[in-house]
Amino acid sequence: MTKQASAPPTPGKGAPVAPPPPPWWRHYLWALAFLIFIGLYFVLPATEIKGPVTLNYTQFLSDVSAHKVKTVTLETNGSASGTLSNGNTYTTAVPAEAGQALLNDLAANKVQITAETTGTSFGAEVLSWVILILPFIVIGYFWLRLSKRAGGGAGLQGALGVGRSKAKVFDQERPKTTFADVAGYEGAKAEVAEVVDFLSHPERYARAGAMAPRGVLMVGPPGTGKTLLARAVAGEASVPFFSVTGSSFVEMFVGVGAARVRDLFSEARKKAPAIIFIDEIDAIGQRRGGAGAVVSNDEREQTLNQLLAEMDGFDPATGIVVLAATNRPEVLDPALLRPGRFDRQITVPLPNLAERLAILQVHCRGKRLAPDVDLEVVARGTPGFSGADLANLVNEAAIVAVRANRDVLGAADFDQARDRIILGRREGSNVLLPDEKYGVAVHESGHALVAVYSDNADPVAKVTILPAGQALGVTEQLPLVERHLYGQDYLDDMLAVFLGGRAGELVVLGQGSTGASNDLAKATELATKMVREFGLSDKLGPVGYPSGGSVFLGGGSEFSSRPFAEATQAIIDGEVSKLLREAEQRAIGVLRDHRDVLDRVVQLLVANETVDGAQIYALAGRPVPAGAPGVTMAPGGRAAAAAGQGPVVGA
């Protein structure tokens, strides 16, 4: 998108340039002058170099007799002051009983006598009252200024700035992120860019009678780049951009959330056209409790009600588009999602193969890659990774290279980083006892050979018995294509591969072990989906009972909201057990038919700890399937930690 910004008018051409506003400190010059005046009033009298000498009455009479007193000024309040013969001034207190005797004594010693009447002048009286009242006037003035600046805040909250919005405004200085930094997601970028274009060139749409969408809601799993897309909008837009998180609206004071919503939209109206971005909007947009709700949050509901009113109320926010992001759209209030508020919902899903490749290329900018690094191979090896996961993958690969005192990233660095993210840190085989190491080798060899001899299974890429995280061994498979639909033959082979590790233990060791616990859980989950949801059971028939569901949409646990009878549950249990037993017998049959190959693979694993998939295909006498490589995890070992990283099941 081309950035456009209107240039300010040149002096003498077009509209006159408005003078800049005066600096803030000019408004407080009078207060500074008042403080200086008060300081001088109290400080200057105390800074005189030579003050008057205070004499008691006895000393005063003695100095008069010694002809040391030159002048005296008698005041009606009983005090006296004057000058001494040495030029110094003095003060003293004259008792009322002194009377005529004092005057005679002063006259006899030739002291110049002056009499004055004491009293307070009008100016001094006014000044004393000003000094007394002015501090209260100053305090009241500042209180009024704070109240006016509070904006949408109410009372003390507004005066203290609590009710002001915490939105970060991007107007002149914008983020450097652009749409070029957002790899993939061309459809999402096009829809968001259209909103920006509408605000930048409204006349184009006005000619066609088109109205700007009030709001755009970006929905997707965590880490898919919703906030990054918003930052790109801020970098591309030629209109002010307000960014705020949903949690920043809620404070401990009641009414603060609604006040901040009002203040946010008020500021946006002043700079309209503008864009407001609310990240994690589910913090304030959760559905409101109905009449039967046990618990309700009045503060959160007030904030939501104010947001609804601002987006589409009696006083709609014209020229303002609200962008929002969430990974929990099911909890949002329906009134927030209706057209007129959020007119568009943009899904930002997990990236596909091409998008993962583009994202990796963006994150590898500025990094030195070895010739053996093929980012397409890395992209195929990271199905289910989000954009944030891919950024972490590249960073972990760089850390691996630094750990080896290199500044060039190799293919092995990416491979180790991927295993570190999926499985955890590798411990080395020395943590296993010799019989445990042999048992893990048998288990992983069973997984690998069942996959090699299954026509529809993903090909094997690598087998290792090096423990990582909670997994004691891993079998990595190659998806030739990125699947979105799965046939029954593929799912049957997947069940057999899941149970191949347990089958290898039964064939070689004559007994199972706890190492198959994760395999059994994944296989049971897949078989249950095949029976309950995919309609792949002849006995149950073409019915679907989806499991799970959000509790906010009326769903619940499988036991509390089971949509079928006990008899149906018994049929489901029987069909699941049948599928699992058939898959286990099939895996056992494959391994018994190729027992010699199984033993050679086990010996190779025990000796080398990691075996490439091509070696296993060579031992099995099978050709390596053609196709660009990629990696998905079929975890083995005790309580494998890679659950959920295997092939995705479901359409």
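Considering only the range 226-244, I want to know if a residue exists there that is part of a loop (DSSP other than H, G, I, E, B), in contact with a helix residue (DSSP H, G or I) (Cβ under 9 Å, 6 or more places away or on another chain) and modelled with pLDDT of 85 or more. Working first, answer last.
Applying the first criterion (part of a loop (DSSP other than H, G, I, E, B)) to the range 226-244 yields 237-240.
Remaining after also requiring in contact with a helix residue (DSSP H, G or I) (Cβ under 9 Å, 6 or more places away or on another chain): 237-240.
Still in the running and modelled with pLDDT of 85 or more: none.
There is no residue in the range 226-244 that is part of a loop (DSSP other than H, G, I, E, B), in contact with a helix residue (DSSP H, G or I) (Cβ under 9 Å, 6 or more places away or on another chain) and modelled with pLDDT of 85 or more.
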Sort out which residues of the range 572-598 are touching a residue at least 60 places away in the same chain (Cβ under 8 Å) and over 20 Å from Ser537 (Cα atoms), and write them in order of number.
Ala587, Ile588, Val590, Leu591, Arg592, His594, Arg595, Val597, Leu598
In the set Ala628, Ala640, Ala614, the lone residue that is over 30 Å from Asp282 (Cβ atoms) and either buried (at least 19 other Cβ atoms within 10 Å of the Cβ) or modelled with pLDDT of 90 or more (or both) is Ala640
Any chance the range 51-67 includes a residue that's at pLDDT below 65 and in the same structural domain as Glu97 (by TED's automatic domain parsing)?
yes
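Yes or no, residue by residue, for (1) crowded, with 22+ Cβ neighbours inside 10 Å; (2) closer than 30 Å to Asn352 by Cβ:
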site	(1), (2)
Val408	no, yes
Leu432	no, no
Val460	yes, yes
Thr464	yes, yes
Arg483	no, yes
Tyr490	no, yes
Leu495	yes, yes
Gly512	no, no
Consider the range 562-611. How many of its residues are touching a helix residue (DSSP H, G or I) at 6+ places or on another chain (Cβ under 8 Å), modelled with pLDDT under 90 and among the charged types (D, E, K, R)?
2
Boolean, Glu355 is more than 20 Å from Asp282 (Cβ to Cβ), part of a helix (DSSP H, G or I) and among the acidic types (Asp, Glu)
yes
Failed condition for Glu173, given (1) farther than 23 Å from His363 by Cα; (2) at pLDDT 80 or above, with all others met?
(2)
Answer yes or no: is there a residue in the range 501-511 that is more than 19 Å from Asp573 (Cα to Cα), out of contact with any strand residue (DSSP E or B) (no Cβ under 7 Å at 6 or more places or on another chain) and polar (S, T, N, Q).
yes
Exception for Gly384 within (1) within 22 Å of Pro479 (Cβ to Cβ); (2) not in a loop (DSSP other than H, G, I, E, B) falls at (2)
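The values are calculated or read from the model by the stated rules, or taken from the named source; none is laboratory data. Because the structure is a prediction, the values reported are computed rather than measured. Here the Cβ is made from the backbone with ideal geometry for all residues, glycine too, and neighbour counts use every protein chain on show.
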